[in-house]
Amino acid sequence: MPFVIAAPCVADYSCLEVCPADCIRPRPDDPEFDTTEQLYIDATSCIDCEACVPACPVQAVYATSRLPAKWAHYASINAEFFEGTQ
Ligand code: SF4
Ligand code: SF4
């Protein structure tokens, strides 16, 4: 059950720094980082370790199965960021 980043994200990349699977993008040195509104989790690489959950200062990270209904579409939003990058 991969994890998903939802609306509250402020793109401070605290989660990215603790992720052991390197599956959160964009990284600060990626060209998209300057313009992105949030970070995204690659569901195909996420190992469900949950390290990103307590690292997030705004509670923006959820297991897909626990996404609040109002943010259910963020599973697709996260996946779409990685389309064409695999
Ligand atoms: S659950 Fe673990 S592997 Fe998945 S995005 Fe969070 S820190 Fe990375
Ligand atoms: S730690 Fe939270 S607010 Fe910061 S980039 Fe990750 S999901 Fe977004």
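The values are calculated or read from the model by the stated rules, or taken from the named source; none is laboratory data. Quick caveat: nothing in here was measured; it's all calculated off a predicted structure. Positions of Cβ are backbone-derived with ideal geometry, glycine not excepted, and every protein chain shown enters the neighbour counts. We work out accessible area using only protein heavy atoms, side chains counted, and drop any ligands, DNA or RNA first. Shrake-Rupley method; radii C 1.70, N 1.55, O 1.52, S 1.80 Å.
Points worth noting:
- Unpaired Cys in the chain, meaning no second Cys C-beta under 4.7 Å: Cys9, Cys19, Cys23, Cys46, Cys49, Cys56.
- Packing, taken as the mean count of other beta carbons within 10 Å per residue, orders the peptides 47-54, 58-65, 29-36 from highest to lowest as 58-65, 47-54, 29-36.
- Dividing the summed -39500 (n - 2.57) terms of all DSSP H runs of n ≥ 4 by the residue count of the chain sets its mean residue ellipticity at 222 nm at -4500 deg cm²/dmol.
- 3J(HN,Hα) from dihedral phi, the stretch 18-23, Karplus parametrisation 6.51/-1.76/1.60, rounded to Hz, x for glycine, proline: 9, 6, x, 9, 6, 10
- Stokes-Einstein D (µm²/s) once Rh is taken as the Kirkwood radius of the chain over alpha-carbon pairs, at 20 °C in 1.002 mPa s: 170 µm²/s
- Accessible surface ranking that places the most exposed of Arg27, Arg66 first, with a 1.4 angstrom probe: Arg66, Arg27
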